[in-house]
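Down below is the structure, laid out as structure tokens.
The values are calculated or read from the model by the stated rules, or taken from the named source; none is laboratory data. The structure displayed is predicted, hence computed values, not measured ones. When we count neighbours, we look across all protein chains shown, and the Cβ atoms used for this are built from the backbone with ideal geometry, even at glycine. Surface areas here come from the heavy atoms of the whole protein model, side chains and all, with no ligands, DNA or RNA. Shrake-Rupley method; radii C 1.70, N 1.55, O 1.52, S 1.80 Å.
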Amino acid sequence: MAAAAALTFVASPVAAAPMPTALAATPQADVNGDGVADLVLSTGARLTYSGDTSLKPNDLGGSVQVLPGGATLPGAPAALVNQNAAGVGLGMEASDKFGAALATGDFNRDGLADVAIGNPGESVNGLANAGTVSVLYGQRTAPYLRALTGALGTINQDTADVPGAMEAGDLFGASLATGDFNGDGYADLGIGSPGEAIETKARAGAVWILYGGSAGLTARNAIAFNQDDPDLAGAAEAGDLMGWALAAGDITGDKRDDLAVVSAGEVITGTADAWGSVHLLHGSASGLSAKASSYISVGNAATHGKWRGAVIGRFHGGANADLVIQADRRRGGPAGSGALVSVRGGNAGLTTAVEVIDQSGDAIPGSPEANDQFGGSLAVGDLDGDTFDDLAVGVLKEDNRTGALCLLRGGAAGLSSFPATAVGENTAPVNAVAAVGEGFGYGLRILDITGDGKPELTVSAPWEDGSPQTGAMFVLNTGLAGNALTVTAARKLGRAQIGTPTAFGPGTPFAGNSAVLDDNLETPK
């Protein structure tokens, strides 16, 4: 990768918000404004091989679906978003990764959720893998998303007022997260660029923050962070991959969202066969700042391999959310078996109260096996209505790529409060006849998409019945069996029931979940 000019760092003078309030959940996911949250997810198009003739005319380089919520799903005709549409991206190319990252949030506070779509494989002006982000705004009628006149549409590092300069291999848009970082009621956007070179340090990585306002997302006052910032722990080094994954939530308990930034390749002195760190940028009245940040690394946790994914949730309840990181494996565990690092949050940010969770524990069903990828997808939400967030964990390649879920219930002791629950396609009442290679659990989302006041757990199996053309989605209702979560009802939707012109079934990611990427920035196949 070519060396990059040093990024310019500026203090963000976004107007202060003296009385922040937490963003309401539904407007951040209700794209069509009918009062019911909607699903935004990638199809299985990026999970097939590049020469698949089914990719044309609708899915070349990736495609995204909007599935309106309602009592019967879909609540209104679903819509397909691709780069053939005016104002969306730069046109379809086989090398694109359109939909590799997705995020929803109400950037202009009109009560309709807007959508950011990452395409880190986009070539711009001959610069391969420079990357772009497309921003589309919610509307009440199909296709539910539109380009907004005067607002940012397709963003890259050459967009006016965006710090830095676009270069080959930047992978801009590889990760996305939305949150209200300054407490003004408008959703803001974090954009990861793990391939960004910092001076001569290839793939050191960086993250950009763009703020929302009445006219939508704006690059005015945009700010970029990398590890050469003197107020951030560590230093930018080749291969750090800062911005590999992002997660937003209120860890400090001040009603402003904070941003967790994963550096998947960070080397920590004194550790062996382990890479990774997380910088937590704390929200404030003026937005995110390196001066207020906290940090944790593989030096604090007994894991091996890389840290790859992250989510934030109130697993202990209360005002302070916790951070959960996905790691390749527990220290000494089988290669690729997967593990979670749960980090307790506090008023000062991340603490050193850390727990490593994998299938070797008595409370977690199964056992760690090579390439299980426990935690390869993650989704957060309150499945049992007790005000504690719960965690749905995808075990992507369990039982020879059949796939499975593990449901962890939050409580006073966090994710270790209660026994975990295993769920697969053979679990009653799912009863879908599990088969090798279906990938049950690759995509996850916890969200009330039926409008009944209770969140559902939505699960994709991109290779259901043998191929990404026949992939399926499962909508699961949950309750309690004793102290453990259980599935109480299930519905299956295939491509025909969803009804968009894509040639592929549901894939991954869902906007709002963590979906782990391999070293080539690909969803594991």
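Sort the stretch 324-402 into rounded, prolate or oblate with this rule: let a ≥ b ≥ c be the square roots of the eigenvalues of the Cα gyration tensor; rounded if a/c is under 1.5, and if a/c is not under 1.5, prolate when a/b is larger than b/c, oblate otherwise.
On the way: a/c = 2.28, a/b = 1.43, b/c = 1.60.
Oblate, since a/c reaches 1.5 and b/c is not below a/b.
Between Rg and the Kirkwood Rh of the stretch 21-99, both from Cα atoms, what is the Rg to Rh ratio? Could you put the intermediate results ahead of the total?
On the way: Rg = 14.8 Å, Rh = 13.9 Å.
That ratio is 1.06, to two decimals.
If one puts a single equal scatterer on every Cα of the stretch 112-164 and applies the Debye formula without solvent, what log₁₀ I(q)/I(0) results at q = 0.20, 0.27 Å⁻¹?
-0.75, -1.05
Can you compute the modelled spin-label distance between THR200 and VAL433, with each label point 7 Å from Cα toward Cβ, in nm?
6.2
Could you check how many percent of all C-alpha pairs in the chain are farther apart than 43 Å? It would help to have the intermediate numbers written out before the result.
On the way: 9100 of 137550 pairs.
Tail of the P(r) past 43 Å holds 7 percent of the pairs.
Per residue, how large is the accessible surface of the stretch 255-377? Use a 1.4 angstrom probe and give square angstrom.
Working: 4070 Å² over 123 residues.
Accessible area per residue: 33 Å².
For the stretch 147-187, what does the accessible surface come to per residue with a 1.4 Å probe? Please give it in Å².
Normalised by residue count, the accessible surface of the stretch 147-187 is 29 Å².
Extension gain ALA496-ALA238, at 0.36 nm per residue separation less the Cα-Cα distance, in nm?
Working: separation 258, 0.36 × 258 = 92.88 nm, distance 4.64 nm.
Extra length from ALA496 to ALA238 when fully extended: 88.2 nm.
Of all alpha-carbon pairs in the stretch 114-266, indicate the percentage at a distance above 27 angstrom. Walk me through the numbers on the way to the answer.
Details: 2397 of 11628 pairs.
Considering the stretch 114-266, 21 percent of its Cα-Cα pairs are separated by more than 27 Å.
Using 0.36 nm times the number of residues separating SER95 and TYR49, minus their current alpha carbon distance, what extension gain do you get?
Numbers: separation 46, 0.36 × 46 = 16.56 nm, distance 1.12 nm.
Gain on extension, SER95 to TYR49, equals 15.4 nm.
Give the value in nm², to one decimal: projected area of the alpha carbon convex hull of the stretch 293-332, averaged over all directions. Don't skip to the answer; put the middle values down first.
Numbers: hull surface 13.9 nm².
Mean shadow area of the hull around the Cα atoms is 3.5 nm².
Note down the nm distance, to one decimal, between modelled labels 7 Å out along Cα→Cβ at ALA165 and at SER367.
5.7
Under 12 Å from the Cα of LYS255, which aspartates and glutamates turn up, not counting those fewer than eight places away in the same chain?
Once the sequence-local aspartates and glutamates are set aside, what remains near LYS255 is ASP180, ASP184.
Within 10 Å, count the other beta carbons around each residue, average over each peptide in 336-347, 243-254, 138-149, and list them highest first. Mind dumping the intermediate values first?
Values: 336-347: 23.0, 243-254: 26.2, 138-149: 17.5.
Listed from highest to lowest mean packing, they are 243-254, 336-347, 138-149.
In whole percent, and with a 1.4 Å probe on the protein chains, what portion of the accessible area of the chain is carbon and sulfur? Display every interim value, and only then the final one.
Details: 8810 of 17270 Å².
Accessible surface attributable to carbon and sulfur in the chain totals 51 percent.
When the scattering of the stretch 242-320 is computed by the Debye formula from its Cα atoms alone, each counted once and equally, what is log10 I(q)/I(0) at q = 0.16, 0.19, 0.24 Å⁻¹?
Results for the stretch 242-320 at q = 0.16, 0.19, 0.24 Å⁻¹ read -0.61, -0.81, -1.09.
Skip the ligands, DNA and RNA, and give the accessible area per residue of the stretch 446-525 with a 1.4 Å probe, whole Å².
Values: 2750 Å² over 80 residues.
In whole numbers, the stretch 446-525 has 34 Å² accessible per residue.
If you build the Cα gyration tensor of the stretch 40-157 and take the root of 5 times each eigenvalue, what three semi-axes come out, in whole angstrom, biggest first?
One finds semi-axes of 23, 19, 11 Å for the stretch 40-157.
How much accessible surface does VAL433 have with a 1.4 Å probe, in Å² rounded to 10?
110
From Cα pairs below 8 angstrom and at least 6 apart in sequence, can you work out the relative contact order of the stretch 288-390, rounded to a whole percent? Intermediate results must be reported in sequence, preceding the final value.
Values: 218 pairs, mean separation 26.6, N = 103.
Once divided by the residue count of the stretch 288-390, the mean separation gives 26 percent.
Under 20 °C and 1.002 mPa s, how fast does the stretch 383-438 diffuse according to Stokes-Einstein, given a Kirkwood radius computed over C-alpha pairs? Answer in µm²/s, whole number.
Details: Rh = 12.2 Å.
Estimated via Stokes-Einstein, D reaches 175 µm²/s.
Please list, or write none, the lysines whose alpha carbon is within less than 20 Å of the alpha carbon of LYS306, excluding same-chain residues fewer than 8 places away.
Counting by Cα, and skipping residues close in sequence, LYS306 has these lysines nearby: LYS201, LYS397, LYS525.
Would you mind giving the average projected area, over all directions, of the Cα convex hull of the stretch 191-305 in nm² with one decimal? Walk me through the numbers on the way to the answer.
Numbers: hull surface 30.8 nm².
The Cα convex hull of the stretch 191-305, projected and averaged over all directions, gives 7.7 nm².
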